[in-house]
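The values are calculated or read from the model by the stated rules, or taken from the named source; none is laboratory data. Every value quoted in this text rests on a predicted model; they were computed, and no experiment measured them. Quick reminder, even Gly has a Cβ in these numbers, built from the backbone with ideal geometry, and neighbours come from all protein chains shown. Note: areas computed on protein heavy atoms with side chains; ligands, DNA, RNA excluded. Shrake-Rupley method; radii C 1.70, N 1.55, O 1.52, S 1.80 Å.
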Amino acid sequence: MDRFEAIDEPALRRLVETFYGRAREDALLGPVFGRAVHDWPAHFHLLTDFWCSVLLGAGRFHGRPLPKHAAAGVTSDLFPRWLELWGEAVDSLFEPEPAEVIKAKAAHIGRSMSAALWLSSQARAG
């Protein structure tokens, strides 16, 4: 398959499917997703809407990711591995310029979510 030169909905759908295929097999992330996701086609659709909203301004995603991730047992220490796998999936599918845009946005989201989950865990512990 040729690599995507632009960020569009079909490319983001393929990215979501590729990333989660890898994440489900990952020793660290796989168990978390295995417990939390029971309908993978629906999850792919939801996450495609999320990334289309984030990167394309589609405005189709209206969820609240932080509470969902916290309830699923996602902790701040999982984000480095998430970003590593995400980056690998992005690099395998996109040309360098769009890949950098996607990875930069994911890194920003990852830092924000990681910090919020860490603060939440500290508040519960303290």
message: Given a 1.4 angstrom probe, I'd like the percentage of the accessible area of the chain that is carbon and sulfur, rounded to a whole number.
response: 56 percent
Heavy-atom surface of segment 8-87, accessible at 1.4 Å and reported per residue (Å²): 54 Å²
task: Subtracting the Cα-Cα distance from 0.36 nm times the residue separation, let me have the gained length for Ala27 to Ala104 in nm, one decimal.
output: 25.2 nm
message: In whole Hz and in residue order, list the ³J(HN,Hα) couplings for segment 31-39 that follow from phi through the Karplus curve 6.51 cos²θ - 1.76 cosθ + 1.60, θ = phi - 60°; x for Gly and Pro.
response: x, 5, 5, x, 6, 8, 10, 10, 10
message: Tell me the angle of helix 96-125 to the major Cα principal axis of the chain, expressed in degrees between 0 and 90 and rounded to the nearest ten.
response: 10 degrees
field: Along principal axes, Cα extents of segment 15-83, largest first, whole Å
entry: 33, 23, 23
message: Amide H of Asp26 versus every other amide H placed in the peptide plane: which residues, excluding those fewer than 5 positions away on the same chain, fall under 5 Å?
response: none
- line: Residues whose built amide H sits under 5 Å from the amide H of Phe94, excluding neighbours closer than 5 in sequence, are Phe4
statement: Once amide hydrogens are built 1.01 Å from N within the peptide plane, the residues lying 5 or more places from Ala58 or on another chain with amide H under 5 Å from its amide H are Ser53
query: Which angle between 0 and 90 degrees, to the nearest 10, do you get for helix 40-56 versus the longest principal axis of the chain when only C-alpha atoms count?
result: 70 degrees
- request: Would you please report the Å³ per residue occupied by the convex hull of the alpha carbon atoms in the chain?
  value: 104 Å³
- request: For Ala36, put the label point 7 Å out on the Cα→Cβ axis and report which residues of segment 83-102 keep their amide N under 14 Å from it.
  value: 83, 86
